[in-house]
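A short worksheet on the structure shown next.
The values are calculated or read from the model by the stated rules, or taken from the named source; none is laboratory data. Not measured: the values here are computed from a predicted model. Note: ideal-geometry Cβ built from the backbone for every residue, glycine included; neighbour counts use all protein chains shown. Surface areas here come from the heavy atoms of the whole protein model, side chains and all, with no ligands, DNA or RNA. Shrake-Rupley method; radii C 1.70, N 1.55, O 1.52, S 1.80 Å.
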Amino acid sequence: MYNRDPIVLNRDCEAVLVPMADKVIIPKDTEVMIAQDLGGSYTVYVNGSLARIAGKDADALGLEPVEPPTLPEEASDEEIEELAWDQMRTCFDPEIPINIVDLGLVYECAISSLPEGRKQLDIKMTLTAPGCGMGGILVQDVKEKVEAIPAVEVANVELVFDPPWNQNMMSEAAKLQTGMF
C-alpha cells in the first residue's frame, strides 16, 4: 500500500494526464500525492488533476523501479505465455484498480517462434468503452511489459472491439471487488 503523504518530485518526470492521455512533464520539486500504485505504475494527484507516471520513472518519486521479469534459459512456450499473462495482470487502467486480465479486456495471447529461438506474441485486447482516452496508453503498457520478457522479441498488441466488452467478461474476483457479484 502507498503512503498518502505528499511527495516532492526529485527530477522532471514524464507523465500522462488521466483520462485525456496527453503527455506532460511534471517539473522537479512539484508536490504530488499517489492515488494508485498498482502494476508498477503510479497514478498521482498533481495540481488538481490525475496523471500516470510509468514504473521506469519511480525514482522521480523516490521509489524503487519494478524488477524486470525473469525466465529459465530454456523456457517452454507455455512458460513464456504464462509469464505474458502474468505481465498483463500488472496492467491497470489508471482509473480502475483492477488489472486488465481480470476485467476481461484481453481476448487472446498467441505465441509464435522467430529465428534464433526468440518469440513473438500476438495479443488482442479491448477497452471497457470504445472512446476511452487511455486506450493507446494501455496498449503501450501491455506491449512494453510483455516485451520485457527475456525470450520475447516483439509483442503485437491489437485493439479490437468485437466482441464488445461487457461486465460478464470480468473474472469472479473482479466482480467481487467491484460489488457486481
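Annotations for the structure displayed:
- Per-residue ellipticity at 222 nm from helix content only, as computed over the chain with -39500 (n - 2.57) for each DSSP H run of at least four residues, stands at -5500 deg cm²/dmol.
- Overall shape: prolate for segment 78-143, with the ratio a/c of the largest to smallest alpha carbon gyration tensor axis at 1.5 or above and a/b above b/c.
- The distance between label points at Asp22 and Ser49 comes to 0.5 nm (points 7 Å beyond Cα on the Cα→Cβ vector).
- Kirkwood hydrodynamic radius of segment 57-106, Cα pairs, Å: 12.9 Å
- Treating each Cα of segment 15-84 as one equal point scatterer and applying the Debye formula with no solvent, the log10 of I(q)/I(0) at q = 0.18, 0.21, 0.25, 0.27 Å⁻¹ comes out as -0.71, -0.85, -1.09, -1.23.
- When the GluC sites (Glu not before Pro) in segment 69-152 are filtered for DSSP coil states and for at most 16 other beta-carbon atoms within 10 Å of their beta-carbon, the remaining sites are Glu73, Glu74, Glu95.
- Of all DSSP-defined beta bridges confined to the chain, some 80% are antiparallel rather than parallel.
- Three semi-axes describe the equivalent ellipsoid of the chain; taken as square roots of 5 times the Cα gyration tensor eigenvalues and ordered largest first, they are 28, 21, 15 Å.
- A 1.4 Å probe over all protein chains sorts Arg52, Arg118, Arg4 by accessible area into Arg4, Arg118, Arg52, starting with the largest.
- Partners of Lys145 within straight-line reach, counting lysines whose Cα lies under 23 Å from its Cα and excluding those fewer than 8 residues away in the same chain: Lys23, Lys56, Lys119, Lys124.
- Helix axis angle, 77-88 relative to the chain longest principal axis, alpha carbon, degrees: 20 degrees
- Burial order of peptide ranges 135-142, 37-44, 24-31 (average beta-carbon count within 10 Å, highest first): 37-44, 135-142, 24-31
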